[in-house]
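Down below is the structure, laid out as structure tokens.
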Amino acid sequence: MLWADPSRRSSATGRPSRWLDRGLVAASLLVLTAGYRSVVEGKDWWITTLLVTFVAILTCGVLRALGVRLVAPIAAVVLFVTIAWVFVPDTLAAGIPTPGSLGALSDLIAGAQRVIVEEQAPVAAARGIVLLLAAAFGALVVVADAFLDLRRSAAWIGLLLLGVFAVPAMVSGRTPGFWLFVVAAVPWLVLLRSGTTPTVRRRRNLAMHGPAVVLAVVSLGCALVLPTVAPDIRAAAAAWGKPPPGVFGRGINPILELGQNLRRNSTTVALSYTTTSEDPLYLKVATLRDFSGKTWRPGASLPEDRFEGNLGLRGAVETKIDTTRITIKGLDSPLLPVPYVAQDTRGLEGAWRFERMGVTVRSDTADTRGQDYTVTSLTITPTAEQMRGFTTVIGPSLRPFVSLPAKVPAVITDTAREVTASASTDYDKALALQDYLRTGEFRYSETAPVADDYDGNGLSVVAKFLQRKAGYCVHFASAMAVMARTLNIPARVAVGYAPGRVTGIEDGKTVYVNTSDDLHAWTELFFEGAGWVRFDPTASIGTATRFQEPNSTTPDETSGDSSTQTTPNDRNQGVDTTSGGSTSNGTAPRTVGVTGAVVLLILATPGVVRELRRRRRLRTGSPDTVWRELEDVALDLGLEVPLTDTPRGFAGRLGEHPGVDPESLDRLLHRVELARFARDVDVARDAGAVQDVVDLTRALRAGRPGSDRWRARLLPRSLGPRAAAARPADDHDLVSA
């Protein structure tokens, strides 16, 4: 018989069903990735994970097809190189990972660990998080491939898939949908049925199908019943699902917790208020003065701190007294939300005190729970002309507000100078900075800083923010404050609540409500003669500060981007406020290119190696060497080449193939037998033998279907260890670099 029957061919390449088995496992894993949408936001991570997983699948499949024994180690190396190409391409040397690649990947994983510990699922698709998912699913493919060679492989694969299915529920507290379980279970059930079928054909009966049928019914039944009777999975998800610490908790730096609270998945009502002010109010809770270069921190009041309010006002600066009644709903803090500049409070329970710096209110023993109090505050409204006339002298009391580390990134100082180049006064410089951040190319995004690894408020973060032009209030306020300090304008950051939303009328007064989505940070700049003035640089949030110009009849202090302001629900979801905004971390587009390159490399490598071996053999040209080339051609095309075959036996079967020239085959056989068995025979290059092999190869390929010819080119079986065991080792078979 010329061509190997299916059972005998399977001995060389693995059972044909093994290809199906690996395809079924891969399908289940790819389907289960959809369940992780409750853990990670967006689609970029999903595309990246799918493509990296596909590379692992293809690598294992090709190695198995070639008969390579060390599949897992080689696949792990390919997976590592692929991940390095996708996530840390700048650390590669000629496309090869370096020790720096390991360090960069470790940094990304460390960042992912911080996100896991600090954030509430679903988290932003930070590069470290995407790295973990892509690496995990790629590794699962390698492990599943190894399981398929074990006895009772279907049981091990089932446990593996069950674990992958359960992880999103354990993390987010939300069980993936039933449809996901069914779609992922169907390939496994087919695998289970395949694993219960004997290799030798038998009459199919219920006894053979019984285990698969019973297990399928039990599995699907459990999937339907258990969600209704099992304990709430959310209890097990507390480690990575609990809300972040409160922004204004005792001993907590509020700016560090602000981002996590804005990204939380639930909205809580913090307070409601009514006011005599014509406009909704910013309610300040904390003032941040000290800047180390890594973060802003609240500053303790100092003896030289100036009193804020009426004292220090110059000229006929307009002031107004407003009364605001605030009712705390869901805020538990030793820091009290108050309008700036608070003058007096009434109705508080417990001992509270004013801080001179920032005029905030705090308590060492009481908290805000259940408080219902009234605040009298001073609103200072100078004109634009007055603001331009104020000149600030930096003395001891203001020096901490212009302090910066010795080394400030050039992008910060250069941007500040460029934006304010045409401004001649501190007020105009402040407006220029505010307008640049609010109306330029910047967009509001709570997830982009996390996804691109620049969340925070230090100098390096501000520098990246000015380049990426996407962030939330912490980034905008920090950027304006730091740039103002580079211009020698005293600056600090305030944290509290942006103006709330209207919910009704009470006793003829408008009722405003502030929720956790209204948590906000803004910038305050000092002007000698007007005191500390609020500027809100955050794109589409709150209102911009701009005082009445000489030719204007209406004060313009609250003019801003009202048409594009973000709603509380948008902020809760971390939505970008520009139509072109995206929180993608950019790994998906790069992964597409990397995957394409790796796939081409994986598919091309066997064929290239086989072609180099063929050319080397033909160049050597000895009869014995070219005969081995003919054997490999037949093996690649599916011809049976037994381990114990002799040249004459192989030639006899080969001669039965239509199109094979008997004379060429006989001449080549005669030369091979002389070279192997005769004494004192010259085995140097034989041009006739080379030509005979070329002719016979052409005839063999012409007689096979196109699919066999393509398989012989892409996945040549002769590269596997079986082909090497079929004959003595040959130095000429090695392909040198």
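The values are calculated or read from the model by the stated rules, or taken from the named source; none is laboratory data. As the structure is a prediction and not an experimental result, all values here were calculated from the model. Neighbour counts run over all protein chains shown; Cβ positions are idealised from the backbone, glycine included. Heavy atoms of the whole protein, side chains included, go into the accessibility calculation; ligands, DNA and RNA do not. Shrake-Rupley method; radii C 1.70, N 1.55, O 1.52, S 1.80 Å.
Under the condition of being in a strand (DSSP E or B), open to solvent by less than 40 Å² (accessible area, probe 1.4 Å) and under 12 Å from Thr287 (Cα atoms), the residues counted in segment 339-363 number 1.
Pairing each residue of segment 252-281 that is surrounded by fewer than 16 Cβ atoms within 10 Å (Cβ to Cβ) with any residue that is modelled with pLDDT of 70 or more and assigned to a helix (DSSP H, G or I), provided the two are 6+ apart or on different chains, yields C-beta distances under 6 Å for Thr267/Ser516; Thr267/Asp517; Thr268/Ser516.
Residues that are in a loop (DSSP other than H, G, I, E, B), modelled with pLDDT under 90 and buried (at least 21 other Cβ atoms within 10 Å of the Cβ) do not occur anywhere in segment 127-135.
Considered as a group, the residues in segment 362-387 that are of a type in the set (D, E, K, R) and more than 15 Å from Ile328 (Cα to Cα) include one that is farthest from the chain's Cα centre (by Cα), and that residue is Glu385. In summary, helices (runs of 4 or more DSSP H) completely within segment 596-693 and bearing 1 or more residues that are in contact (Cβ under 8 Å) with a residue 40 or more places away in the chain and within 25 Å of Val71 (Cα to Cα) occur at 623-636.
Residues that are in a loop (DSSP other than H, G, I, E, B) and open to solvent by less than 20 Å² (accessible area, probe 1.4 Å) within segment 376-396 comprise Pro382, Gly395, listed in sequence order.
Please go through segment 364-375 and give me each residue that is of a type outside the set (Asp, Glu) and surrounded by fewer than 19 Cβ atoms within 10 Å (Cβ to Cβ), ordered by number. Steps first, answer last, please.
Taking segment 364-375 first, the residues of a type outside the set (Asp, Glu) are 365-366, 368-371, 373-375.
Within segment 364-375, Thr365, Ala366, Arg369, Gly370, Thr374 meet the criteria.
Taking residues in segment 103-123 that are under 17 Å from Pro89 (Cβ atoms), and partners anywhere that are at pLDDT 70 or above and not in a helix (DSSP H, G or I), the pairs with Cβ atoms closer than 7 Å and at least 6 places apart or on different chains are Ala104/Val88; Leu105/Val88. Considering (1) assigned to a loop (DSSP other than H, G, I, E, B); (2) open to solvent by less than 60 Å² (accessible area, probe 1.4 Å); (3) at pLDDT below 90, the lone condition that Asp570 does not fulfil carries the number (1).
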